[in-house]
Amino acid sequence: MDKDELSDIERLRHLSKAADLILTFCEGKSEADFLDDQMLSSSVLYQFIIIGETIRYVSPELLGKYRYPWHLPRSFRNYVAHEYFGINLIQVYKTITGLLPGFKAVIDQMIEKESKH
């Protein structure tokens, strides 16, 4: 399916799935585990790219209805995509444990509310 053919709800579901995968991958993992496991960190970074890329295609009107700093996922995607080997994995881990659960909660709330329309 072409990305232009997806509805906002479908895109929100992709965002939720990517966030859920990251949280699942990292469940029970310490910061040291995350830093030592290249496969884990690479998988997580790929999902963050998906999040940042997908959010670009959610309509601004829909995003505007919900309080969230939407520029952060987009900026984080650019950071991951362009920094390559200069990525600060400690900061990535802090993003996973500190910010990602709240992001997922907002996305899931949006899915629930917008699916009723």
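Quick look at the values:
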{"item": "Test set (1) under 21 Å from F34 (Cα atoms); (2) touching a residue at least 40 places away in the same chain (Cβ under 8 Å); (3) among the small types (G, A, S) - S59 fails condition number", "result": "(1)"}
{"item": "In the stretch 23-58, residue farthest from R11 (Cα to Cα) [restricted to those that are open to solvent by 70 Å² or more (accessible area, probe 1.4 Å) and among the polar types (S, T, N, Q)]", "result": "Q38"}
{"item": "Residue within the stretch 92-109 that is in contact (Cβ under 8 Å) with a residue 12 or more places away in the chain and over 29 Å from D37 (Cβ atoms) present", "result": "yes"}
{"item": "Enumeration of residues in the stretch 79-103 that are of a type in the set (A, V, I, L, M), open to solvent by 30 Å² or more (accessible area, probe 1.4 Å) and in a helix (DSSP H, G or I)", "result": "L89, I90"}
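Conditions (1) on the phi > 0 side of the Ramachandran plot; (2) at pLDDT 95 or above, marked per residue:
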position: D4; (1), (2): no, no
position: L23; (1), (2): no, yes
position: G28; (1), (2): yes, yes
position: L62; (1), (2): no, yes
position: R67; (1), (2): no, no
position: I90; (1), (2): no, yes
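The values are calculated or read from the model by the stated rules, or taken from the named source; none is laboratory data. What you see is a predicted model; the values in this text were computed from it and never measured. For neighbour counting, all protein chains shown are included, and Cβ atoms are generated from backbone atoms with ideal geometry for every residue, glycine included. Accessible surface areas use protein heavy atoms only, side chains included; no ligands, DNA or RNA. Shrake-Rupley method; radii C 1.70, N 1.55, O 1.52, S 1.80 Å.
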